[in-house]
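Single-structure report; data block below.
The values are calculated or read from the model by the stated rules, or taken from the named source; none is laboratory data. Nothing here was measured: the structure is a model prediction, and the numbers come from that model. Positions of Cβ are generated from backbone atoms using ideal geometry, with glycine treated the same way; all protein chains shown enter the neighbour counts.
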Amino acid sequence: MSEPKPVWDRPEPASRPAPVPLSRERIVAAAIELADAEGLAAVSLRKVAAALGAGPMRLYGYIDTKEDLFDLMVDAVYGEVRLPESTSDWRSDLREIAHETWRCALRHEWFAELLGGRPHLGPNALRYLEVAFATFGDRDVDTIMVAFGALNSYVVGALRTALAELNAERATGMTEDEWRLTRGPYLAQMVATGHYPALAKIMAETTYPDPATLFDPGLEILLDGIAARLA
């Protein structure tokens, strides 16, 4: 049994008169609006069809599964990433790619949930990869893969940390500072045991920056490491 073709490699149904005209573009736009408002878990073919005023079965002419829909949604967000136009400075280009990915993922919080794992193969995602790999020029392929993998892991990890903190605030109704105050007496008691000297130093001297504040300094440390490897 042959594997089904990727959704981008399957033609859409021919246009026909209908009270509610459909297209993959309209379906994806409705799904993204739903995910932005209610989260990825709220996205279903039934809800997307209802948002479009169409019957759920009509969507199956355009997509076969919810996974197809997620693939199309992810690729649409990749299409929003403003990629550098030149590849003359790999460090500047990678910094711009990281910032743009961060920006788009914070606008579409569900996007980070679908990053990682197997690579996305939609046309916008492939263009994203093409530009990212091209920034390294004619360097060793294995080094490029390690460097880009490290960058991608950092951006995804930072995004998920930032979004987890944001979701915790929504769930508890407490800001990070307010939550920390509730845990202060317990942490002070544990630190007083003398078993956690490194942690005690951090707690005494840190300003407790939020993930967004940490993103740029952490990115620069990573880029320093890539520069050292490329050298």
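Does region 146-154 contain any residue that is loosely packed, with under 11 Cβ neighbours inside 10 Å and β-branched (Val, Ile, Thr)?
No - not one qualifying residue is present in region 146-154.
Would you be able to tell me the number of residues in region 69-95 that are closer than 15 Å to ALA30 by Cβ and free of Cβ contacts under 8 Å to residues at least 60 places away in the same chain?
5
Over 15 Å from PHE148 (Cβ atoms), surrounded by 17 or more Cβ atoms within 10 Å (Cβ to Cβ) and more than 8 Å from the chain's Cα centre (by Cα): does that describe GLY122?
Against the criterion (over 15 Å from PHE148 (Cβ atoms), surrounded by 17 or more Cβ atoms within 10 Å (Cβ to Cβ) and more than 8 Å from the chain's Cα centre (by Cα)), GLY122 qualifies.
Which condition number does ALA49 fail, the rest of (1) closer than 19 Å to ALA227 by Cβ; (2) touching a Lys or Arg at 6+ places or on another chain (Cβ under 8 Å); (3) among the small types (Gly, Ala, Ser) being met?
(1)
Table: residues versus (1) assigned by TED's automatic domain parsing to the domain that holds GLU38; (2) farther than 30 Å from PHE133 by Cα; (3) surrounded by 12 or more Cβ atoms within 10 Å (Cβ to Cβ); (4) modelled with pLDDT of 85 or more.
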residue	(1), (2), (3), (4)
ARG183	no, yes, no, no
GLN189	no, yes, no, yes
THR193	no, yes, no, yes
PRO197	no, yes, no, yes
LYS201	no, yes, no, yes
TYR208	no, yes, no, no
ASP216	no, no, yes, yes
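From VAL74, VAL131, which residue is among the hydrophobic types (A, V, I, L, M, F, W, C) and touching a Ser or Thr at 6+ places or on another chain (Cβ under 9 Å)? It would help to see each step written out before you state the result.
Numbers: VAL74 fails: touching a Ser or Thr at 6+ places or on another chain (Cβ under 9 Å).
It is VAL131.
Kindly indicate which of MET174, MET203 is over 25 Å from TRP102 (Cα atoms) and free of Cβ contacts under 8 Å to residues at least 24 places away in the same chain.
Exactly one residue qualifies, and that residue is MET203.
Take region 154-197 and flag every residue that is of a type outside the set (S, T, N, Q), out of contact with any helix residue (DSSP H, G or I) (no Cβ under 7 Å at 6 or more places or on another chain) and outside any helix (DSSP H, G or I).
GLY173, MET174, ALA192, GLY194, HIS195
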